[in-house]
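S.K.: This is the structure, below, for whatever I ask next.
Any read-out appearing in this document is the output of simple, stated calculations on the displayed coordinates, not a laboratory observation. Everything quoted here is computed from the prediction, not taken from an experiment. In this analysis, Cβ positions are derived from the backbone assuming ideal geometry, glycine residues included, and neighbour counts consider all displayed protein chains.
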Amino acid sequence: MSHSELAAQVGSNEGGGSKLTPKRKLSLFDTIGSTLAQMAPAAAIYYGLPVIFMATGIGSPLTILISAIAIIFVGLSLTRFSTKHPSSGSLIKYIGMTFGPLTGTASAIVFLVGTVFLAGSAFLELGGWIADSLSLYNIHVHWAVPTLILGLVIWGLTIIGIDRSTKIATIALVIEVVVLAGVSIYVLIDPPAGLSLEPFAASSVTGGLAGIGLGFPLAIYLFIGFENSAALAEESDNPKRNTKRAVLISIALMTAFYLLVSYAVVTGFGNDNSALVKSSNPFIDVANQYLGRFSFLAIIAGFTSIVGMTIACLNGFSRVAFNSARDGVIPAKLSFISKYQTPAATLSLLSGLGIAAALLFGFSGETWVTGFGYLGTIGTIPLLIIYALLNLAVIFYPNKELTLVQRYVLPILGVISIGLPIWALVQPGQPKPFSYFPWIIFGVVAASLIYAWFKLKSDPSIKQRIGAVATEASELAESADYHSNKATAL
């Protein structure tokens with residue numbers, strides 16, 4: 001078979017039949033906006049930072065910086081393949097082409113299960129935030145009501161076009177960033193006890209190295225969602241160039257933002273470790289102190305953050321599910337595309353299951369916050385497993401273009417950075433029901449492998465789309481492109 005024929009074979013294998021072809025492709029700015037929105041900086045700061053402060057104290061900015069470096073390693077591994085083979089399912093395809101169709105198919109199912117729980121956590125957080133915020137003004141609404149209503153509204157927004165929904169998510173992002181950055185800059189202009197580099201000193205971390213080990217996994221979670229742009233590659237302008245840029249620029253921008261806010265919060269507490277860890281929501285306390293009657297802006301920022309995150313989650317996760325349907329891993333009917341060129345079937349499936357999970361876990365916990373914690377924890381573990389497999393794929397995938405550092409050093413560091421939070425979630429001795437969660441995920445992985453085995457037996461053609469059969473073709477096609485470009489240059 002000639003190089004051109006092999007290249008054509010690879011092209012036909014990537015994406016199966018239907019393709020998402022919106023009238024207006026997403027620009028680099030759109031993709032970055034969607035990715036940042038999925039990270040949900042305000043929600044992460046309101047719910048994530050207090051836990052990190054409890055673990056590492058006033059040295060939390062240093063812990064966040066270390067976690068950001070680790071996430072960059074993961075981001076580099078993620079973009080090794082997605083920049084060459086951009087599609088909505090490039091994450092899963094890379095794993096399948098490296099470790100074989102059984103692992104690739106099972107990984108698709110594991111990822112989809114995780115996204116259902118994470119979508120549920122987003123819907124539940126949205127409804128709970130609205131209910132709690134309204135109660136501050138003596139308006140009492142049960143969290144289930146806004147969860148259901150706003151869940152359906154956001155589902156509708158994601159159906160009517162990727163460009164429309166990403167713009168809404170980006171606008172929501174801008175609002176929250178302006179509020180949080182404004183408060184942070186205000187604090188730094190008028191600090192209660194002067195500015196200091198103490199928060200970036202290792203000696204400031206509670207518990208020293210052990211404290212960093214405890215806070216590191218928590219800080220990693222602040223960046224969950226950085227892979228969003230890879231899932232949107234098929235609908236993006238010049239994805240081979242912009243996907244990598246969007247991933248790395250998003251991580252860099254969010255790193256700077258988290259460092260600014262965390263440093264400002266620590267400074268706002270006068271570098272007082274005991275006062276900081278006693279606060280249930282340090283940023284809100286600082287905002288109330290500095291904004292006075294305008295502190296309601298912080299509540300608005302929280303709302304826009306969760307709205308943007310929910311939209312971005314549905315957009316990104318539904319594209320991976322759409323690709324799985326297109327490849328035959330899940331029923332092909334789920335690859336239905338609406339007149340707006342959106343994956344309407346998987347958007348509807350993910351929204352429906354997500355809202356159902358939000359209601360189920362919200363009512364099962366003591367409060368909606370408890371249910372949110374359960375959903376977020378269960379949903380995060382599968383994604384971390386996929387991240388770890390992506391790093392391993394860089395090592396084992398036969399790519400001769402990578403240097404030793406790119407192929408071994410960076411992905412190994414990435415595996416270590418992902419292994420720490422995975423261990424923090426599954427280590428023995430955790431209270432119930434968290435002690436059950438590792439067994440739940442183990443069951444999901446086992447069931448996914450069994451499902452994948454039967455699916456490949458019943459439909460061997462999946463191997464041509466998701467598995468190792470494409471590996472040789474891909475390598476030869478890449479080689480053909482390389483020699484063709486070299487000949488053109490000469």
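S.K.: Would you please give the FRET efficiency between residue 200 and residue 252, computed as 1/(1 + (r/R0)^6) with r the Cβ-Cβ distance and R0 = 25 Å, to the nearest 0.05? Write out the running numbers ahead of the final one.
M.R.: On the way: r = 18 Å, r/R0 = 0.71.
After rounding to 0.05, the efficiency reads 0.90.
S.K.: Now a separate question. Expressed as a rounded percentage, what relative contact order does segment 204-308 have, with Cα pairs under 8 Å and six or more residues apart?
M.R.: 13 percent
S.K.: Let me ask another. Against the longest principal axis of the chain, how steep is helix 368-396, in degrees 0 to 90 to the nearest 10, with axes from Cα atoms?
M.R.: It is inclined by approximately 40 degrees.
S.K.: Please state the shape class of segment 39-182: rounded when a/c is under 1.5, otherwise prolate if a/b exceeds b/c and oblate if not, all from the C-alpha gyration tensor.
M.R.: In terms of gyration-tensor shape, oblate.
S.K.: Where does each of 135, 279 land when they are ranked from fewest to most other beta-carbon atoms within 10 angstrom?
M.R.: Least crowded to most crowded, the residues run 135, 279.
S.K.: For the chain, take the longest principal axis of its alpha carbons; what is the angle in degrees between that and the long axis of helix 162-189, to the nearest 10 within 0 to 90?
M.R.: The helix 162-189 is inclined about 40 degrees to the chain.
S.K.: Need the full-extension length gain, residue 402 to residue 280, defined as separation in residues times 0.36 nm minus the C-alpha distance. One decimal, nm.
M.R.: So the extension gain works out to 39.3 nm.
S.K.: Show me 434-447, 246-259 ranked by packing, highest mean number of other Cβ atoms within 10 Å first.
M.R.: 246-259, 434-447
S.K.: If you don't mind, there's one more thing I want to ask. Beyond 29 Å between alpha-carbons counts as too far, so tell me which of 240/463; 167/278; 278/432 fall in that bin.
M.R.: 167/278
S.K.: Sticking with this structure for a sec: Rounding to the nearest 20 debye, state how big the charge dipole of the chain is about its Cα centre with +1 on each Lys and Arg Cβ and -1 on each Asp and Glu Cβ. Before the final figure, lay out the partial values.
M.R.: Numbers: 27 positive and 23 negative charges, 207 e Å.
Rounded to the nearest 20 debye, it is 1000 debye.
S.K.: For the Cα atoms of the chain, what angle does the longest principal axis make with the long axis of helix 282-291, in degrees from 0 to 90, nearest 10?
M.R.: Between the helix axis and the principal axis of the chain, the angle is about 60 degrees.
S.K.: Let me test this: with uniform point scatterers at the alpha carbons of segment 317-369, what is the Debye-based log₁₀ I(q)/I(0) at q = 0.26, 0.30 1/Å?
M.R.: Cα-only, vacuum Debye calculation for segment 317-369: -0.88, -1.06.
S.K.: Assuming a ≥ b ≥ c are the square roots of the Cα gyration tensor eigenvalues, decide whether segment 337-426 counts as rounded (a/c under 1.5), prolate (otherwise, with a/b larger than b/c) or oblate.
M.R.: Working: a/c = 4.99, a/b = 1.53, b/c = 3.27.
In terms of gyration-tensor shape, oblate.
S.K.: Consider all pairwise Cα distances in the chain and report the whole-number % of them above 39 Å.
M.R.: Of the Cα pairs, 21 percent sit more than 39 Å apart.
S.K.: To continue, here is another question. Suppose a student asked you for the relative contact order of the chain, using Cα pairs under 8 Å spaced at least 6 residues apart; what percent would you report?
M.R.: Taking the mean separation of contacting Cα pairs over the length of the chain, I get 35 percent.
S.K.: Give the lysines whose C-alpha is closer than 18 Å to that of residue 339, dropping any in the same chain fewer than 8 places away, or say none.
M.R.: 19, 23, 25
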